[in-house]
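Notes follow the structure.
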Amino acid sequence: MAHSKNNVVTKNQPNIKFKNTKYNSFEKIQNRNGWLFISFALTLLLIFIFYPILYSFYLSFTSSKGLISKFVGVNNYIKIFSDPMFITALKNTVIFLLCQVPIMLLLALIIASILNDKTVKFRGVFRTGIFLPAVTSLVAYTVLFKMMFSMDGFINSTLMTIHVIKEPIPWLMKPFWARVTLIIAMTWRWTGYNMVFYLAGLQNVPDELYEAAEIDGASKIQQFFKITIPMLKPIIVFTTIMSTIGTLQLFDEPMNLAAGGTTAATIGPGNSLLTLSGYIYNLCFKFMPNFGYAATISYVIVFIVGLLTVIQFKVAGDNN
Amino acid sequence: MRKKALSLLLASSLIFSLTLTACGSKTTETSSEKGSGKLTIWAWDPNFNIKVMEEAKAIYTKDNSKVNIEVVNMAKADVEQKLQTMLQSGVKEGLPDIVLIEDYNAQKYLTAYPGKFANLSDKIKYDDFAKYKESLMTVDGKRYGVPFDSGVAGLFYRTDILEQAGYKAADLNNITWDKFIEIGKQVKAKTGKAMLAFDPADGGVMRIMMQSAGQWYFDEKGNINISKNEVLKEAAKTYKAMIDAGITKPTSGWNEWVAAFNKGDSATVCTGIWIMGSIKAEASQSGKWAVAPVPKLNASSSVNYSNLGGSSWYVLNDSKNKDTAIDFLKKIYDGNNDFYQKILVGQGAFGTYIPAQTGSSYSAADKFFGDQKVFTDMSGWMKQIPSVNYGKYTYEADGAIMAAMADYYSGKATVDQTLSKAEDQVKNQISK
């Protein structure tokens, strides 16, 4: 910024040389003070943000057993491809990403467009109600879901009383059902959060578009696909990226749904809820502590997030 | 004027807090002589080891009034995380003086953080303790911990439910797992109750089975012993047989598991002695329980005695009051008979200190267990637990096997495939 100002000054007064040098020295003082002012924040940034990023990058080339650590080059990055636990974790994470994110975003979009309709009564109540799960603590809601979905919990007993099922569903006992439970829980928690983004976006869609469409005889469903979705495209891209990043870093929910295994080291039945972050936790605190290999996996997550974000921008983003 | 006053206030408070912290660190630094200073202790169960330590503290500070002991209560996972992060980072401030470590983790910590724990080889009389405890805290001939509680395993059962199915106490004594399943089918048919409260994703019972035959996921030298381990194979088969026979009450996680036998949904629970507190929490079932030795496997080496869990105390080498800490543990845990009687009655803490097991509390009859002399029985079993080397990678192996078991339960894999898949995974995990 200081530089650009300087350029402007020299352009305007190229002939008055002595004044220019005077201004330059003043500029220098300002510059110095400027740096002084930001130096504090900058130091903190360097120590607490950049140093850990660089150090963990270095760590990802080491392998350790507690304090005993050795440099192994790119060995860790090769090893992950033959590590069945890593592949399980990656597979689970991808399953959650592909199943949960589309369901949640579509649901949020539908609810948002319904609640944007001015003829709906008690809109405020519904909006608040659906958003409310987003303010609950991750751990608290997961523990509640774990109780509700237990073998003789609320869900099973309700379904059995209304004769939907005959036998209780083994929600948290079988790998398939454990994943279903997690997806239901996450959808409950995050749909309202995404709905708010869509609602905000819908405020910028002019009513005239809908009026015109109605006059042309478009149905509500046609309006949804031809007006609402295209108009919300940038917001849809944004929420998709945010949800993708969130899912790739998924930790609290699976950990707590599976937690309390009397003495177990698996996360969910047959490791069905093991996510990449869960694996990082296990590598650091449950297994022989290997912070180097754990750092490698966190860099793999960074790489995947970056890649998916670029793809999403390319596929759905504007062309500029 | 107001601004000036405000800045003055800020500056003075800053200086004040700086001097305060300086003073604070000074006081902790000065005390290093034996018999004085502050001891910080980390443990994790407020109804169990925390209370036991409070008891120990009360006894010790009576004679050593200069010592100030603080027992810090955290979740078990938090103790492990905090300890590991601090040891890893190399800081000396903030670490406790004494920490409780689960026996399965002992070898891992001792080898991963060499020099961080105090060598107690010639400070503690290890002959006073159960044999199997000593070996798991020994690394390169040096012994590090002070043995604390035992996880001697038992088959806790409801006498009333079994009677309904036509079984007496003698029918459950020293049985095999096959017999156990057979009884379970009868119980299920006659009472409708499940035989065993059981978490299919939990390897606890599997570890009981293995140790009962003197086997583990690793051999004595620490090499992986999974795919060719006949004992483990039989244990895995028994797991599936129990589930297939429909005699289990499947649960997920600690709370559901405890609820299952507290509500009376299952006739037995097979686990470590530390569960007694949770069993007794349901006062309405008083007099209806009893305990038998665990069932054994068909393998010839298998006996009816085993272990699950248990933990020990360790002193940190960087502790400023190391000598006081060792003195404290030695005086209370290695020599105070009354203390062990007290914690047995108060907390149900079953120590591994053998001289204490002839005391009055150990031979008392327990009303809750139908006047059975529970502790006399269990201390007899404890002495016969086969000693195994847990090695450094128990949780890696447990994680790998229980993950592979899901496919075995559903019939997608055979037992051999399951074990070799688990072995491959453990191999990959520990080749670092």
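For every other residue with a beta carbon closer than 13 angstrom to the beta carbon of A:Glu253, add +1 if it is Lys or Arg and -1 if Asp or Glu, then tell me the sum. Let's see the in-between values first.
Values: positive: A:Lys146, A:Arg179, A:Arg189; negative: A:Asp252.
So the surrounding residues net to +2.
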Within region B:36-83, list the trypsin sites (Lys or Arg not before Pro) lying in a DSSP loop whose Cβ has at most 13 other Cβ atoms in a 10 Å radius. B:Lys66
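First measure r as the distance between the Cβ atoms of A:Ser69 and B:Asp265, then evaluate 1/(1 + (r/R0)^6) with R0 = 60 Å and state the FRET efficiency to the nearest 0.05.
0.80
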So, in nm, how far is label A:Leu159 from label B:Met74 when the simple model puts each one 7 Å beyond its Cα toward the Cβ? 3.9
Candidate cut points under trypsin sites (Lys or Arg not before Pro) in region B:323-374, DSSP loop plus at most 15 other Cβ atoms within 10 Å of their own Cβ, are B:Lys367, B:Lys373
Could you work out how far helix B:2-30 tilts from the main Cα principal axis of chain B, as a 0 to 90 degree angle to the nearest 10? 70
Do you know the relative contact order of region A:221-320, to the nearest whole percent, from alpha carbon pairs under 8 angstrom that are 6+ apart? 29
Could you pull the accessible area for A:Val72 with a 1.4 Å probe, rounded to 10 Å²? 30
Calculated FRET efficiency, B:Gln186 and B:Ser431, Cβ-Cβ r, R0 56 Å, to nearest 0.05? 0.75
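Work through the residues other than A:Arg189 whose Cβ is under 13 Å from its Cβ and net out their charges, Lys, Arg +1 and Asp, Glu -1.
Working: positive: none; negative: A:Asp252, A:Glu253.
Cβ neighbours under 13 Å give a net charge of -2.
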Roughly how tilted is helix B:49-63, in degrees to the nearest 10 and between 0 and 90, from the longest Cα axis of chain B? 50
Keeping every protein chain in place, order B:Arg207, A:Arg127, A:Arg32, B:Arg158 by accessible area at 1.4 Å, biggest value first, i.e. largest first. A:Arg32, A:Arg127, B:Arg158, B:Arg207
Solvent-accessible surface (1.4 angstrom probe) belonging to B:Trp257, in square angstrom, nearest 10: 20
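Taking the radius of gyration and the Kirkwood hydrodynamic radius from Cα positions alone, what is the Rg/Rh ratio for region A:185-320, to two decimal places? Walk me through the numbers before you get to the answer.
On the way: Rg = 20.8 Å, Rh = 18.1 Å.
Using only Cα positions, Rg/Rh for region A:185-320 is 1.15.
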Spin-label proximity, B:Ile59 to region B:312-334 - amide N less than 17 Å from point 7 Å beyond Cα toward beta carbon: B:312-314, B:325-334
Per the C-alpha gyration tensor (a ≥ b ≥ c, the square roots of its eigenvalues), chain A is rounded if a/c is under 1.5, else prolate if a/b beats b/c, else oblate; here it's oblate
So, relative contact order of chain B in percent, Cα under 8 Å, 6 or more apart, is 25
Taking just the C-alpha trace of region B:203-309, give me its Rg and Dmax in Å. 15.3, 48
Which trypsin sites (Lys or Arg not before Pro) from region B:261-302 combine a DSSP loop assignment with at most 15 other Cβ atoms within 10 Å? B:Lys263
At least 30 Å along the helix axis (C-alpha) and Kyte average at least 0.0, DSSP helices within chain A: A:84-115, A:175-202, A:291-316
If you line up the long axis of helix B:76-89 against the longest principal axis of chain B, both from Cα atoms, how many degrees apart are they, to the nearest 10? 50
Classify region B:317-432 as rounded, prolate or oblate from the Cα gyration tensor: take a ≥ b ≥ c as the square roots of its eigenvalues, call it rounded if a/c is under 1.5, otherwise prolate when a/b beats b/c and oblate if not. oblate
A:Val139-A:Val180 FRET efficiency (beta carbon distance; Förster radius 22 Å; 0.05 resolution): 0.60
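What does the charge add up to near B:Lys123, with Lys and Arg as +1, Asp and Glu as -1, over the other residues with Cβ less than 12 Å from its Cβ?
Numbers: positive: B:Lys125, B:Lys142, B:Arg143, B:Lys322, B:Lys330, B:Lys331; negative: B:Asp122, B:Asp323, B:Asp327, B:Asp334.
The answer is +2.
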Virtual spin-label span in nm between A:Met242 and A:Leu308, 7 Å along Cα→Cβ: 1.6
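With only Lys, Arg, Asp and Glu charged, each at its Cβ (+1 for the first two, -1 for the last two), find how big the charge dipole of region B:90-223 is about the Cα centre; round to the nearest 20 debye.
Values: 18 positive and 19 negative charges, 41 e Å.
Dipole of region B:90-223, to the nearest 20 debye: 200 debye.
The values are calculated or read from the model by the stated rules, or taken from the named source; none is laboratory data. Note that the structure is predicted; figures quoted are calculated from it, not measured. For neighbour counting, all protein chains shown are included, and Cβ atoms are generated from backbone atoms with ideal geometry for every residue, glycine included. What goes into the accessible areas is simple: the full protein's heavy atoms, side chains included, and nothing from ligands, DNA or RNA. Shrake-Rupley method; radii C 1.70, N 1.55, O 1.52, S 1.80 Å.
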